[in-house]
Amino acid sequence: MTFRQLAYHNVIRNRRNYAAFFLASVFSVMVFFVCSMFIFHPLFEKDGLQLLAIQGMMIAEVVLYIFTLFFLFYSMSAFLQARSKEFGVLLQLGMTKKQLNKLIFFEMLIIGAVSTTTGIIFGFAFSKFFFMIGREIIELDSLPLYVSWEPFLLTIVAFASLFVIISFVSVGFIRTKRIIDLLHGFWKVEEETKSSTMLSIMGIAFLAAAYLFAINVSDETVYYIIFIVPPLATFGTYLFFTHTINYLLNLCKRKRTIYWKKTRLVSLAEASVKLKDSAQMFFIVTIVSTVAFLTVGTLASFMSYTGDFRESNPLGLIYISFDGNEQEAEHIERLTKQLESEQLSYDLVELTVKRQTSEATGNDVDVLSLSQFNRLATALDFTPAQLSEGEGLFVPFSLESLKELKNSSVDTVLIESGIPLSIRSTYPHVVFPIHTLNMNTIIVSDADYEAIDEPLLGYSAGSSDFSYYAFDVSNWTETINIGNRLSETMYDIIDESSFSKVNYFFENPGSDYRWFKSSFALLLFIGLLVAGVFLLAAGSFIYFKLYTGLERDRKQYKLLIRMGMTDKELGKIINRQLVPQFFLPWVLALLHSAFAFVSLQVVWDEFAELSIIFEMSIVLGGFTIAQILYFFLIRWRYVAHLQAP
């Protein structure tokens, strides 16, 4: 048998231990390759959403590469330490340390080559499926499958270099040079782990402080909390697993009524033995799972924003003309011609908005005429408003303001024109997008509207009034090519923060919605792929710990059977060993994510005023179901290996 054949047979013989590692590596390569196929697609040569797709995929590839490198380092450490007896025997038989390093190098290259090849094959096989998803998300007419050497070369070079790096440094994971220590095996130390009472309490204190900060976050403190909570939660998590859990187990051992009861003695004793080596693994799994939850949850909250966008923006196009705008007629004519050329049906309603000062608040108020407003409401299939002389109606500027204004009432006077008004109700729909009208906007009867004959204080006659052109477009997401020149002008003005150059305003909510929805959906798609790699790796960490100590667990299992334990009692012991390993890091990651989402809700309340509770529940609930299924799968295989002859 040649040296390379020995390395090959070692990989085949340890295929059970390498299974989860191989699966996670293949999935990482597959996702990396699919992202590369998107990046080098010949259709992605435009700006806008296509550029976002390329940038998102490139960021995903960098994150995947760095995380996979870290994942492989940890995996190799677990595998090689678990095989310490095997290495001790080889050294005892005369193999030199240099030859052992060469053997491990060949093994890593074999695993890397097979993983990379398999991942590329599966990635290319499923590329058409991912292109179909991407085409729907980006709303392209077509996104055909193509063949190019660039994605293959990038993936091969990236992962070949990664596995070569791992191959060179993996031999350093064999931490002892004495043969006698290697022959003792990975589990040679079984003394009880000691814990610091102070550090145990600090672990709980740090986590409690992080959660309290997250709960009590406000609009003013949210930007400071971002730099306080993550470090507290990270340090607290590390201390919790390295000291707090062991301290709590020692407290249980002192209570004989708890410890000296049936199978608890074996379960708690075994937990104490494995805790020292599993603490860092628990910490890593918790952090990785938390990052995955937050990534998908944050991107899902963006989708929640797009869901409320249509309800908050019922108009297809908005053009506002202020005093002295000589291009008004030209712009309106151009917009209508573009709508007709695109064969988009529309209703155009022109409103003249008058601005006054409210005596009740001292703020500026935009005033609309009842008849003009009802023409727009009818075009939108909303219920027309009804008012008598002297009455007013609040116009909500957002869904949140609609809830707040429902129970509001005020008696005021429009100071400039001396018009008394009694406002007791709110229009039940959001009609005008936010920022296109004053936050204080009301509807008055035609008689009161005509009686407003004075401009806003400090303005000349008619200069405080402006025209509001509201376009109701049935296929509003098809307006992406309407008013592009006006939109570009608006973007330039916003970038330069120079609003004095123009005396008009244009907004295309349909185009904005399509861009928002597609970009957020694309980011969510990328986030799900990356989170899938993270969670598969997190599950693999647990898998490694179970199977690297499987030989020792099998000996204990047979010993307990000879001592007379029943299958039911053995099942309880197995569950008490597996459940904490699977669900303790998971529960802590869920807690971290839940409190992080509380802070995220505050951010959304400030910018978009929407609730993300439903999206967060779906994300956390979906991941929990996946973890439960994964637990039963691993438990089934673990018990099968324990019972194997």
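Bear in mind these aren't lab numbers, they're just calculated from the coordinates by the rules spelled out. Being a predicted model, the structure only gives us computed values, none of them experimental. A quick note on method: Cβ atoms are made from the backbone with ideal geometry, for glycine too, and the neighbour counts reach across all protein chains shown.
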Put a dot 7 Å past each Cα toward the Cβ at residue 11 and residue 495; how far apart are the dots in nm? 5.1
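Determine, from the Cβ-Cβ distance of residue 450 and residue 617 and an R0 of 56 Å, the FRET efficiency 1/(1 + (r/R0)^6), rounded to the nearest 0.05.
0.60
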Find the all-direction average of the projected area of the Cα convex hull for segment 419-469, expressing the result in square nanometres with one decimal place. 4.7
Just to compare against my own numbers: the Cα pair-distance distribution for segment 463-516, 10 Å bins, whole % per bin, please. 21, 47, 29, 4
If amide hydrogens are placed 1.01 Å from N in the peptide plane, which non-local residues have theirs closer than 5 Å to the one on residue 425? 394
For residue 438, residues with placed amide H under 5 Å, excluding near neighbours: 366
Which order do 442, 494, 121, 480 fall in if you start with the one that has the fewest other Cβ atoms within 10 Å? 494, 121, 480, 442
Stokes-Einstein D in µm²/s, Kirkwood radius over Cα pairs - segment 319-391 at 4 °C with 1.567 mPa s viscosity: 86
Express in % the proportion of alpha carbon pairs of segment 360-502 at distances exceeding 22 Å. 47
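Neighbour counts of other C-beta atoms within 10 Å: give me 196, 25 arranged from fewest to most.
By the 10 Å Cβ count, ascending: 196, 25.
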Report the semi-axes of the equivalent ellipsoid for segment 371-436 in whole Å, largest first, where each axis is √(5λ) for an eigenvalue λ of the Cα gyration tensor. 20, 15, 12
What ³J(HN,Hα) values, in whole Hz, does the Karplus curve 6.51 cos²θ - 1.76 cosθ + 1.60 give for segment 477-493 when θ = phi - 60°, with x put for Gly and Pro? 7, 8, 8, 4, 9, 8, x, 4, 5, 5, 5, 4, 4, 5, 4, 5, 5
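Can you pull out the GluC sites (Glu not before Pro) in segment 369-454 that DSSP calls coil and that have at most 13 other Cβ atoms within 10 Å?
Passing both the DSSP loop test and the Cβ count: 389.
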Test of understanding: ordering 347, 553, 381 by Cβ neighbours within 10 Å, fewest first, what list do you get? 381, 347, 553
Sequence-distant residues sharing a close amide H with residue 391 (under 5 Å, placed H): 422, 445
